[in-house]
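Participant: Have a look at this one before I ask anything.
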Amino acid sequence: METLKQYLNLPFRCHLLAGALIRFILILYGDFHDKIYDVPYTDVDYKVFSDAARHVVNGNSPYQRHTYRYSPLLAYLMVPNIVIAKNFGKALFSIFDLLVAFAIKILVEHQFETKDKGKSSKIAVCCSLFWLYNPMSIGISTRGNADSVPCFFIILSILFLQTDIVKGLLKFALSGILLGISIHLRLYPLAFSFPMYLSLGAYKISRKTSIKTGFVSLMPNKQQIVLTFSCITTLFFLTYSMYVLYGYEFLFETYIYHLFRKDTRHNFSVLFYYSYLTMDQLSFDIVKTVSQAFECIILFIISLTFGCDPKTLPFALFSQAVVLVAFNSVMTSQYFVWFLSLLPLVVHNLKIIPAKALILAIIWISAQGAWLFYAYLLEFKCRQVFIFIWLKSVVFFCANIFVLGQLIKSYTIGYGFGHFNVATDIKNK
């Protein structure tokens, strides 16, 4: 235990170097693993990204690569994979991982209104380590998945929104621009725009409030207008630019396809088996529509509950990310970083004993592991275990909702790990 405390007390730059070294070793290991084992270490999406980048290098559309359903910007980022080295993309995604950890540290430091810089820095470093040493975030990036890129832009958007690193209306413009970029890369941050908008207002509506007063209080202020305008403008500019280059194919593959997507193999979703049974049906999907309606209602309630106060905004975004993943008709491992990247922003406010936290982690990991076992039997052993995979999907869905409910119950603003009596000063250099 004493050795662990000493390690945690290392300067933050040492942790960044350690995180970089771990990721570098795993990238090298990935090449060895792929040659030896049946189950590859490299994510199949990484090969899709690389093939799309090859088409770009040859002057063609990245969508000539079948199953490439991302923004062309990602294919552009992967061009060095073709002209420099095949692992460039993995290294790039790992760098974004490190940038996320650094941004988390700065943001958490600004969450504490205290003159004790050492205490706030200590808490901020420990929060960033939740991401830096998280096996899931490490594995996702080193296997070649790009979800750390939009995660970085989301964290950076929150950073400008809630700190005075940049002052005046410019910070709201920058926040909106970064949010627009993240939405262009991945649609899910669109849900974050509403609570971020609400966090900039002052709402004092009760049953006694007159209609006129209530309407006036809901009118957007300057900050909200700047945030909204910059976000919409950025999203429109990027989307329209890609549309000019690649036409309707870009719109369909990047956005429209995901609205109707059905994945019957790599899918943790509770709708997995239903999607498998209705795979060839093109009629209106009432089950998926009802599920999405409930999802929207929950997202709206979370926004009103936690989004109106800037102090609880990060928890609103974290909770929304969990709901977005849990209710999605398609759910793969990389989706977990949507909320795991936001967890470090709120983990210090969870008033929960370590034993209970460990139990919740075991519940979540065990439910996921059980699903992966049967998925392995299906994909690599060709056993017909669809019904068992679906049952494990139901269990995993319940685990996600149960864990989120427990975290909501334990959420306490300003708790700060009980203001940290664990270790001595952590050097912030």
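The values are calculated or read from the model by the stated rules, or taken from the named source; none is laboratory data. Please read all numbers here as calculations on a predicted model, not as lab measurements. Every residue, glycine as well, gets a Cβ built from its backbone with ideal geometry; the counts of neighbours run over all protein chains shown. These accessible areas exclude ligands, DNA and RNA; they are computed on the full protein's heavy atoms, side chains included. Shrake-Rupley method; radii C 1.70, N 1.55, O 1.52, S 1.80 Å.
Participant: Using a simple charge model, +1 on the beta-carbon of Lys and Arg, -1 on the beta-carbon of Asp and Glu, nothing else, what dipole does the chain show about its Cα centre, in debye to the nearest 20?
Facilitator: Values: 37 positive and 22 negative charges, 201 e Å.
So the dipole magnitude of the chain works out to roughly 960 debye.
Participant: Sticking with this one: Can you sort S182, S291 by 1.4 Å-probe accessible area, starting with the largest?
Facilitator: Numbers: S182 0, S291 25 Å².
Largest accessible area first, the list is S291, S182.
Participant: Out of I298, V149, N58, whose Cα points farthest toward the positive end of the dipole of the chain (charges: +1 Lys, Arg; -1 Asp, Glu; placed on Cβ)?
Facilitator: Working it through, the farthest residue towards the positive pole turns out to be I298.
Participant: Quick one: if you stick a label point 7 Å off each Cα along the C-beta vector at I36 and K212, how many nm between them?
Facilitator: About 7.7 nm, to one decimal.
Participant: Spin-label point model (7 Å from Cα, Cβ direction): what's the Y76 to L190 distance in nm?
Facilitator: Distance between label points: 2.2 nm.
Participant: Rounded to the nearest 0.05, what FRET efficiency do I297 and T67 give with R0 = 51 Å and r taken as the Cβ-Cβ distance? Could you check?
Facilitator: Numbers: r = 32 Å, r/R0 = 0.63.
Approximately 0.95, to the nearest 0.05.
Participant: Would you list which aspartates and glutamates come within 13 Å of K122, measuring only between C-alpha atoms, while excluding same-chain residues fewer than 8 positions from it?
Facilitator: Within the straight-line cut-off, K122 pairs with E109, D425.
Participant: Mind listing which chymotrypsin sites (Phe, Trp or Tyr not before Pro) in region 69-166 are in a DSSP loop and have 15 or fewer other Cβ atoms within 10 Å?
Facilitator: Passing sites in region 69-166 are Y133.
Participant: Please identify, among I365, I155, I95, the residue showing maximal mean-square fluctuation in a Gaussian network model of the chain using a 10 angstrom Cα cutoff.
Facilitator: Of the options given, I365 has the highest mean-square fluctuation.
Participant: Then there's this: Report, by chain and number, residues whose modeled amide H sits under 5 Å from the one on L350, excluding near sequence neighbours (fewer than 5 apart, same chain).
Facilitator: When sequence neighbours closer than 5 places are left aside, the close amide H contacts are T412, F417.
Participant: First select every other residue whose beta carbon is under 13 angstrom from the beta carbon of P80; then total the charges, Lys and Arg +1, Asp and Glu -1.
Facilitator: Values: positive: R54, K86, K90; negative: none.
Residues near P80 contribute +3 overall.
Participant: Within the chain, which complete DSSP H helices have Cα atoms spanning at least 15 Å along the helix axis and a mean Kyte-Doolittle hydropathy of 1.6 or higher?
Facilitator: Working: long enough: 12-36 (36 Å, 0.92); 44-57 (20 Å, 0.18); 88-111 (35 Å, 1.29); 117-132 (22 Å, 0.66); 148-162 (21 Å, 2.22); 169-185 (25 Å, 1.85); 222-251 (37 Å, 0.92); 286-306 (30 Å, 1.78); 313-327 (21 Å, 2.13); 354-381 (38 Å, 1.12); 386-410 (36 Å, 1.70).
Span-like helices, by this rule, are 148-162, 169-185, 286-306, 313-327, 386-410.
Participant: Of A316, T278, Q162, which is farthest towards the positive pole of the chain's charge dipole, taken about the Cα centre with +1 and -1 on the beta-carbons of Lys, Arg and Asp, Glu respectively?
Facilitator: Q162
Participant: If you take every residue apart from T239 with its C-beta less than 14 Å away from the C-beta of T239, what net charge results, scoring Lys and Arg +1 and Asp and Glu -1?
Facilitator: On the way: positive: R186; negative: E249, E253.
Here the charged neighbours net out to -1.
Participant: Counting Lys +1, Arg +1, Asp -1, Glu -1, what net charge surrounds Q406 among other residues with beta carbon under 13 Å of its beta carbon? Walk me through the numbers on the way to the answer.
Facilitator: Details: positive: K351, K356, K409; negative: none.
Within the 13 Å Cβ shell, the charges total +3.
Participant: Here is a further query. Tell me the label-point distance for the pair I362, N9, using the 7 Å Cα-to-Cβ offset, in nm and rounded to one decimal.
Facilitator: In this crude label model, I362 to N9 measures out at 3.1 nm.
Participant: Given a cut-off of 22 Å, name the pairs among K105/K222; K311/K409; K171/K222; K171/K311; K35/K86 whose C-alpha atoms lie farther apart than that in the structure shown. It would help to have the intermediate numbers written out before the result.
Facilitator: Details: K105/K222 29 Å; K311/K409 17 Å; K171/K222 12 Å; K171/K311 17 Å; K35/K86 15 Å.
Beyond 22 Å: K105/K222.
Participant: I27 accessible area, nearest 10 Å², 1.4 Å probe?
Facilitator: 20 Å²
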